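Trainee: Could you have a look at this structure, given as structure tokens, before my questions?
The values are calculated or read from the model by the stated rules, or taken from the named source; none is laboratory data. Keep in mind it's a predicted model, so treat the numbers as computed, not measured. When we count neighbours, we look across all protein chains shown, and the Cβ atoms used for this are built from the backbone with ideal geometry, even at glycine. When the accessible area is computed, the model is the full protein with side chains, heavy atoms only, and any ligands, DNA or RNA have been set aside. Shrake-Rupley method; radii C 1.70, N 1.55, O 1.52, S 1.80 Å.
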Amino acid sequence: MSAIASTNGYAARSRTRTSELLRIATAGSVDDGKSTLIGRLLHDSKAILEDQLEHVQQTSERRGDGYLNLALLTDGLRAEREQGITIDVAYRYFQTPRRKFIIADTPGHEQYTRNMVTGASTADLSIVLVDARKGVSEQTRRHTYIASLLRIPHVVVCVNKMDLVGYDEDTFYEILEEVSDWAARLQIPDMTFVPISALHGDNVVDRSPAMQWYGAAPLLYHLEHVVIAPDRNLNDVRFPVQWVIRPMSEEHHDYRGYAGQVAGGVLRAGDDVIVLPGGQRSQIASIDAVGSEVEAAFPTMSVSLRMTDEIDISRGDMVVAAEDQPVTARELDAMVCWMSEQPMQPRGRYTIKHTTRSARAIIDEVEYRVDINTLAHQPAHQLALNEIGRVRLRCSAPLVVDPYARNRTTGSFILIDETTNDTVAAGMVVEAR
């Protein structure tokens with residue numbers, strides 16, 4: 001990918017104005033500046049309360065940093081501040097006149113890969129930071145691969161600490177070419193490169209006069225204008241039922257609604273639907289949102305559906321279009337990231353939670369693990385903490401699933417240890433049968 005192509009794509013996207021919520025996950029190696037970048041975005045976009053800024057100033061002085069340490073805005077744990085690293089996933093919310101943002105500050109250490117997967121699982125865009133002095137690291141490749149595995153459609157590679165290499169243009173383009181070569185082996189539809197200095201604010205919110213050679217806009221402008229609506233599946237109607245609403249009040253005595261969040265497609269009153277896995281057929285009578293009835297519902301709206309027929313629908317069922325049904329299956333092939341300190345064992349028994357439905361599951365086989373440095377498939381009989389591999393699962397009850405590549409909501413699941421109730425894996429459906 002060339003810088004020109006990246007810039008042209010950016011210019012095309014910048015013409016679209018949107019007020020959608022953008023979910024962002026940051027990634028990168030230790031000390032690449034993720035927390036500082038988020039702090040800079042919050043500070044320069046005027047999203048920090050006065051008392052928060054005062055606290056950061058006082059803490060920076062007490063620590064002897066010698067500057068306003070904006071990383072303290074996200075490094076909330078004592079261990080994080082003492083070590084200067086991110087351990088837990090921290091979420092920060094801010095908005096500009098154009099868009100609202102949720103940023104997940106995820107850890108850079110390899111041992112916290114599971115935290116990175118958790119924070120990035122719902123992201124629309126991933127920011128991968130690279131230290132301009134160190135260049136592309138193992139963690140750069142790891143996090144770019146995970147972004148690809150999670151089907152995050154937009155990746156922004158921020159080459160940080162450009163001030164420490166004299167804002168050198170050649171350094172930036174060398175990193176751009178190396179990351180582009182690696183990304184060519186992955187499935188990332190949109191990748192953009194921005195040279196920045198998070199500490200000084202260069203190319204974060206405002207253009208940097210020190211990097212006149214960089215022709216595109218700064219990072220925040222890109223985040224405000226990147227188009228995410230086409231990334232959602234608007235073709236396949238998927239509505240996992242979360243709750244049955246029966247007020248039983250005098251005003252709503254006969255009301256029966258099925259509440260949930262739209263996972264795909266567009267639902268309208270009058271649509272013919274099927275409720276899976278039972279197969280009952282009906283028609284949508286009306287769609288209620290908070291406080292009013294709406295004509296249509298689309299991802300990621302939370303609504304309540306009313307049906308024209310009195311049919312049995314309960315939590316865990318899925319409403320789909322009559323002419324476009326997903327697979328109902330008990331056996332799944334899936335990619336999983338193992339999150340438990342106890343290794344995965346073949347024939348291990350777990351609870352699988354998929355959308356609003358749960359069942360028991362057995363791991364029939366571990367097909368392979370992925371070497372993240374080479375993307376090679378290695379033979380394996382188990383997966384250890386933070387390892388990623390392909391497994392075969394058998395479930396006690398049918399699940400209504402899509403391949404993860406088609407729908408990130410109906411194609412994802414978690415595994416829970418029945419003994420400890422701990423979440424031990426996050427998975428993505430590859431194939432169902």
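Trainee: Mind checking which residues of the range 186-215 are of a type in the set (Gly, Ala, Ser) and within 18 Å of Val155 (Cβ to Cβ)?
Mentor: Selection gives Ala198 alone.
Trainee: Something else about it: In the range 133-167, which residues are open to solvent by 10 Å² or more (accessible area, probe 1.4 Å), part of a loop (DSSP other than H, G, I, E, B) and either out of contact with any Ser or Thr (no Cβ under 7 Å at 6 or more places or on another chain) or over 18 Å from Leu41 (Cα atoms) (or both)?
Mentor: Within the range 133-167, Arg133, Lys134, Gly135, Val136, Ser137, Arg151, Pro153, Gly166, Tyr167 meet the criteria.
Trainee: A follow-up question, please. Just give me the residues in the range 360-370 being surrounded by fewer than 17 Cβ atoms within 10 Å (Cβ to Cβ) and under 16 Å from Glu418 (Cβ atoms), in sequence order.
Mentor: Arg360, Ile362
Trainee: What number of residues in the range 224-235 are open to solvent by 60 Å² or more (accessible area, probe 1.4 Å) and assigned to a loop (DSSP other than H, G, I, E, B)?
Mentor: The number of residues fulfilling the criteria is 3.
Trainee: Being under 20 Å from the mean Cα position of the chain (by Cα) and polar (S, T, N, Q): is that true of Thr351 here?
Mentor: So Thr351 fails the test.
Trainee: If Met335 satisfies every condition in (1) modelled with pLDDT of 95 or more; (2) within 23 Å of Tyr258 (Cβ to Cβ) but one, which is the exception?
Mentor: Status for Met335: all satisfied but (2).
Trainee: Is it fair to say Asn373 is open to solvent by less than 40 Å² (accessible area, probe 1.4 Å) and modelled with pLDDT under 95?
Mentor: So Asn373 fails the test.
Trainee: While we're looking at this one, here's another question. Taking the criterion of being open to solvent by 50 Å² or more (accessible area, probe 1.4 Å), under 25 Å from Pro299 (Cβ atoms), charged (D, E, K, R) and in a strand (DSSP E or B), would at least one residue in the range 413-432 satisfy it?
Mentor: Looking for residues that are open to solvent by 50 Å² or more (accessible area, probe 1.4 Å), under 25 Å from Pro299 (Cβ atoms), charged (D, E, K, R) and in a strand (DSSP E or B), one finds at least one in the range 413-432, hence yes.
Trainee: Name, by its number, the condition in (1) touching a residue at least 60 places away in the same chain (Cβ under 8 Å); (2) part of a helix (DSSP H, G or I); (3) surrounded by fewer than 23 Cβ atoms within 10 Å (Cβ to Cβ) that does not hold for Met116.
Mentor: In the conditions (1) touching a residue at least 60 places away in the same chain (Cβ under 8 Å); (2) part of a helix (DSSP H, G or I); (3) surrounded by fewer than 23 Cβ atoms within 10 Å (Cβ to Cβ), Met116 misses (3) alone.
Trainee: Scan the range 377-394 residue by residue and report those that are assigned to a strand (DSSP E or B), open to solvent by less than 40 Å² (accessible area, probe 1.4 Å) and without any contact (Cβ under 8 Å) to a residue 60 or more places away in the chain.
Mentor: Across the range 377-394, the qualifying residues are Gly389, Val391.
Residue-wise test of (1) closer than 30 Å to Pro398 by Cα; (2) over 28 Å from the mean Cα position of the chain (by Cα).
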position	(1), (2)
Pro240	yes, no
Leu267	yes, no
Val290	no, no
Glu293	no, yes
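Trainee: Residue check: is Arg406 under 19 Å from Leu276 (Cβ atoms) and either surrounded by fewer than 16 Cβ atoms within 10 Å (Cβ to Cβ) or free of Cβ contacts under 8 Å to residues at least 12 places away in the same chain (or both)?
Mentor: no
Trainee: May I ask you to list pairs of residues, at least six apart or on different chains, whose Cβ atoms are under 8 Å apart, with the first in the range 202-213 being within 14 Å of Thr36 (Cα to Cα) and the second being among the hydrophobic types (A, V, I, L, M, F, W, C) and open to solvent by 40 Å² or more (accessible area, probe 1.4 Å)?
Mentor: Asp202/Ala210
Trainee: I'd like to check something: does the range 208-223 contain any residue that is open to solvent by 10 Å² or more (accessible area, probe 1.4 Å), part of a helix (DSSP H, G or I) and under 24 Å from Phe94 (Cβ atoms)?
Mentor: There is at least one residue in the range 208-223 that is open to solvent by 10 Å² or more (accessible area, probe 1.4 Å), part of a helix (DSSP H, G or I) and under 24 Å from Phe94 (Cβ atoms).
Trainee: Let me ask you something else. Which residue out of Ala269, Ala296, Ala263 is surrounded by fewer than 15 Cβ atoms within 10 Å (Cβ to Cβ), modelled with pLDDT of 95 or more and touching a strand residue (DSSP E or B) at 6+ places or on another chain (Cβ under 6 Å)?
Mentor: Just one listed residue meets the conditions, Ala296.
Trainee: May I ask you to list pairs of residues, at least six apart or on different chains, whose Cβ atoms are under 7 Å apart, with the first in the range 172-194 being of a type in the set (Lys, Arg) and the second being surrounded by fewer than 18 Cβ atoms within 10 Å (Cβ to Cβ)?
Mentor: Once the first residue is of a type in the set (Lys, Arg) and sits in the range 172-194, its partners that are surrounded by fewer than 18 Cβ atoms within 10 Å (Cβ to Cβ) give Arg185/Leu375.
Trainee: What number of residues within the range 322-358 satisfy the criterion of being assigned to a strand (DSSP E or B) and open to solvent by less than 10 Å² (accessible area, probe 1.4 Å)?
Mentor: The qualifying residues number 9.
Trainee: Now a separate question. I'd like to verify a number: residues in the range 187-200 that are more than 24 Å from the chain's Cα centre (by Cα) and open to solvent by 10 Å² or more (accessible area, probe 1.4 Å), how many?
Mentor: 2
Trainee: May I pose another question? Under 6 Å between Cβ atoms, at least 6 apart or on separate chains: pull out the pairs that start in the range 223-245 with a residue that is of a type in the set (S, T, N, Q) and end on any residue that is modelled with pLDDT of 95 or more and surrounded by 15 or more Cβ atoms within 10 Å (Cβ to Cβ).
Mentor: These pairs meet every condition: Asn233/Gly264; Asn233/Asn407; Gln242/Ala259; Gln242/Gly260; Gln242/Thr356.
Here's the yes/no breakdown for (1) in contact with a Gly (Cβ under 8 Å, 6 or more places away or on another chain); (2) among the hydrophobic types (A, V, I, L, M, F, W, C):
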position	(1), (2)
Tyr350	no, no
His354	no, no
Pro379	no, no
Leu385	no, yes
Ile388	no, yes
Val401	yes, yes
Ala405	yes, yes
Thr419	no, no
